[in-house]
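The values are calculated or read from the model by the stated rules, or taken from the named source; none is laboratory data. Every value quoted in this text rests on a predicted model; they were computed, and no experiment measured them. A quick note on method: Cβ atoms are made from the backbone with ideal geometry, for glycine too, and the neighbour counts reach across all protein chains shown. Each accessible area value is taken on the protein alone, full model and side chains, heavy atoms only, with ligands, DNA and RNA left out. Shrake-Rupley method; radii C 1.70, N 1.55, O 1.52, S 1.80 Å.
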Amino acid sequence: MTALAASGARLEVSALHASYGSGEVLHGLDFHVEAGEAVVLLGANGAGKTTTLRALSGMVRTRGSAVLDGQRLLGRPVDHTVRLGVAHVPQGRGVFGELTVEENLRAGAYLRRDRAGVETDLAHWYEVFPRLAERRTQQAGGMSGGEQQMLAVARALMSRPRLLMLDEPSLGLARIITRRLFDQLGEINREQGTSMLIVEQNAELALAFAHRAYVLESGRLVRTGTAAEVRADDGLRRAYLGY
Ligand code: ATP
């Protein structure tokens, strides 16, 4: 596989607070993602996982600091975080249903000026996700949930991110499709070195894929460890991960 992406960036988050209106939902998170690392954020519904990704993308009001390879992320507009190398695949995928697969992929590269590079990347991601190549002229909205999730990931990769953030990629997908998607994400992480921060309800699958995990409870990080440590901790699994 051709090496495409700029190598992964290091993310360092300190004392991150976030709020909706007057209600604070993140109460001072400290965490990091090493360059090239895949980190999973776990926790019950409402713990603040989605908000953490939104905060890093500039979609909610924040205090604190988040630095990507020396560049400040917080308090900047969304397109600025994209320019700095952050790609965010939101919950529910957010593909443009009326556009074709190829138009969606090109939309992922909207900030890029290297036209030849965009064509190379397009060919590359069609190779990685052959289903998308078969459906390149079809409207994205007519595809299955699994295909739309692949498209959302590939579209994010078209920006050549140094940090890829995914919110609940397994949502609404059959187990076998989710497993395949995580296999592909693992391959991308290993081969491209893209840093990844993933929110996932399916803790078992996520821990099989990630290097490290953080557990969030009511807007606070309560545990962290390598994926193997978290998997081996029966108490933690029962208390927070529900399996
Ligand atoms: P889930 O798995 O259910 O998405 P989560 O861990 O991602 O949960 P968040 O979606 O980040 O949790 O929500 C954290 C808290 O913020 C919850 O109490 C939620 O009710 C609240 N919240 C989320 N979105 C909004 C919003 N747009 N306006 C006000 N409060 C919100």
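For the range 21-57, enumerate the residues that are buried (at least 17 other Cβ atoms within 10 Å of the Cβ) and over 17 Å from Leu221 (Cβ atoms). Within the range 21-57, Gly36, Ala38, Ser57 meet the criteria. The criterion of at least 1 residues that are open to solvent by less than 70 Å² (accessible area, probe 1.4 Å), touching a Pro at 6+ places or on another chain (Cβ under 9 Å) and within 24 Å of Leu42 (Cβ to Cβ) is met, among helices (runs of 4 or more DSSP H) falling completely within the range 58-173, by 145-157.
Among the residues making up the range 18-28, a single one is at positive phi and near the ligand (Cβ under 8 Å from one of its atoms): Gly21. Scanning the range 29-52 for residues that are within 6 Å of the ligand (Cβ to nearest atom), in a loop (DSSP other than H, G, I, E, B) and modelled with pLDDT of 95 or more turns up just one, Gly48. The combined condition, being in a loop (DSSP other than H, G, I, E, B), of a type outside the set (Ser, Thr, Tyr) and either out of contact with any Leu (no Cβ under 9 Å at 6 or more places or on another chain) or within 14 Å of the ligand (Cβ to nearest atom) (or both), is not fulfilled by Ala55.
Reported count of residues in the range 193-216, each being within 16 Å of the ligand (Cβ to nearest atom) and either in a loop (DSSP other than H, G, I, E, B) or more than 17 Å from Leu171 (Cβ to Cβ) (or both), is 7.
Take the residues in the range 154-182 that are within 16 Å of the ligand (Cβ to nearest atom) and in contact with a strand residue (DSSP E or B) (Cβ under 9 Å, 6 or more places away or on another chain); name whichever of them is farthest from Val13 (Cα to Cα). The residue in question is Pro169. Would the range 85-92 turn up any residue that is in contact with a Gly (Cβ under 7 Å, 6 or more places away or on another chain) and away from the ligand (no atom under 16 Å from the Cβ)? No, because not a single residue in the range 85-92 is in contact with a Gly (Cβ under 7 Å, 6 or more places away or on another chain) and away from the ligand (no atom under 16 Å from the Cβ).
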